[in-house]
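Below is one structure, written out as structure tokens; the observations come after it.
Derivation of every value follows stated rules applied to the coordinates shown; laboratory data play no part. If you're wondering where the values come from, they're calculated on a predicted model, not measured in any experiment. Neighbour counts are summed over all protein chains in view; Cβ atoms, including those assigned to glycine, are modelled from backbone coordinates with ideal geometry.
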Amino acid sequence: MFRRLVLGLCVVLGMGALTSADARRWHRHHHHHGDKLIIIAESDVDLSLDHYTIDVSQAKGAYKGIRIKNAMGKLFDVRRVEVVYSDGSVWDEDRQIDMYWGERSRPINPTYESRFIDKIKISQEPGYGRGRLQIIGIQDSEGRRMDRSDGERRYSRTPDRSRHLVSDRSEESDNIPVKPTVPIATPTAPGQQTPGGDVLFGAQSVGFLTDRDVIRIGNEVGKFAKIRLRVLDNDIHITEMKVVYNNGESDTLAVNADIPKNSRTSWIDLRGDRFIKEIQLVYRSRPNFNGQARIEVFGRYAPGWLGVNGEGRKYNQGWLLLGAQTAGFVGFDKDDIPIATNEGGFKRLRVTVRDRAITLNEVKIIYSDGSDETVPIRTRVDAGGTYGPIDLKGRHEPIDHIEARYRSRFFDSSAKGKGAAIVEIWGKH
């Protein structure tokens, strides 16, 4: 007790030695509610190593310190953490840090000013097995605006679009911004586009226990600039949401985020326009009488992907996925297939079928000016097969939507599962 009183007195006397401006500055930088904890790197670790280095030079913005976290592994027995800054200086945290699964360190080198970090060097007591270590940056609004290309103390003119939108639970911060949505499941199937032109990546039911899902996207869909979530039936808690790009790089978009039922998040910007390999989700629904939650994940095409001179022309031999729909079994369905926002100028279309064969009867293209053209067809298209190309009449107007008449073939020995066929419309300039 006496020791605590002495320490407390020392702190008071030390604070008294500060000027009032210094005291305000110290409080602002160490107790600011705008500070966020952001995962800036995550690395799989061989616990038998005695040291390794984690590159964080691609982390967006500057930071006022870091924490390290055992994201997976029996025990991290860390003996030293070296923080290498972009100006060449090094902070040496020479102390033992023992972290069991889910535990994290206290702040390492908390500073008044935000600084750019290049590398984190970890020295540890060799153990056995593998683990996963997260580097968590402490960042304020000033640090989020700082840009390496302009130097340490110059700000980027681009708006603050931090990829990691949710801070640690110990900080008072905002969750992902949300808006109410109608409590009805999106009728489109995974891989299809909604009437608004967004692509539904996948939908999952979430139980009370922690679920871990991987939603695989694939190159053929296109490059995406944004994603968002839609949650129905019950509140959910997202432990982590990560997007993995096709080149192996990844971004953690949310950590410890709460999303209420019957709401959709704002669009979350990705790191540039890239092919997405998969989206990894760790989440759970709130344990109450509402039961399971439904979570839907959507993507938005990168600007210009579907344009006449857009980048999409460089892939899939120039064919662009414009829209998709599920075919029914009974009779010929006349479906409106929503088409993603486009600049027009398509000269050819083709119809690709997945999962089950269809009988295709007719395709009608409706343009943005209200005009249309109809292509009569009467043929079977096997699962994995394509009908076309269909030559259009040289129209340059954007396509508003496509009406198609088709039905799934009930008897199809090569069908995948018991579901209906998915019909995709592709276009080429």
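Here the 3J(HN,Hα) profile of the range 178-184, calculated from phi with Karplus coefficients 6.51, -1.76 and 1.60 at θ = phi - 60°, is 10, 9, x, 9, 5, x, 10 Hz, Gly and Pro shown as x. Residues whose amide H comes within less than 5 Å of that of Leu270, counting only those at least five positions distant or on another chain, are Lys226, Ile227 (H built at 1.01 Å from N in the peptide plane). Could you tell me which of the pairs Lys223/Lys428; Lys119/Lys223; Lys74/Lys261 are separated by over 28 angstrom between their Cα atoms in the structure shown? Over 28 Å Cα-Cα: Lys119/Lys223; Lys74/Lys261.
Each of the peptides 245-254, 75-84 was scored by the mean count of other Cβ atoms within 10 Å over its residues; in descending order, highest first, they stand as 75-84, 245-254. Run the reach check for Lys36 against lysines, Cα to Cα strictly under 19 Å, same-chain hits fewer than 8 apart removed. What comes back? Answer for Lys36, where 19 Å is the Cα cut-off: Lys60, Lys64, Lys69, Lys242, listed by chain and number. Would you mind checking the pairs Lys226/Lys277; Lys179/Lys226; Lys121/Lys277 and listing those with alpha carbons more than 23 angstrom apart? Going by Cα-Cα distance, Lys121/Lys277 fall outside the 23 Å limit. Computed over the alpha-carbon pairs of the range 33-150, the distance histogram in 5 Å steps reads 2, 12, 24, 25, 18, 11, 6, 2, 0 percent, short to long. Exposure proxy shown here: for Thr188, Thr374, the number of other Cβ atoms within 10 Å sets the order, fewest to most, as Thr374, Thr188. Legend: ranking of residues Tyr367, Tyr100 from fewest to most surrounding C-beta atoms inside 10 Å; resulting order Tyr100, Tyr367.
A full extension of the chain between Asn361 and Arg95 corresponds to an added length of 88.5 nm, given 0.36 nm per residue minus the alpha carbon distance.
Extension gain for Arg132 to Ser266 (0.36 nm times residue separation, less C-alpha to C-alpha distance): 45.3 nm. Cβ-to-Cβ counts within 10 Å put Asp382, Asp46 in ascending order as Asp46, Asp382, the fewest first.
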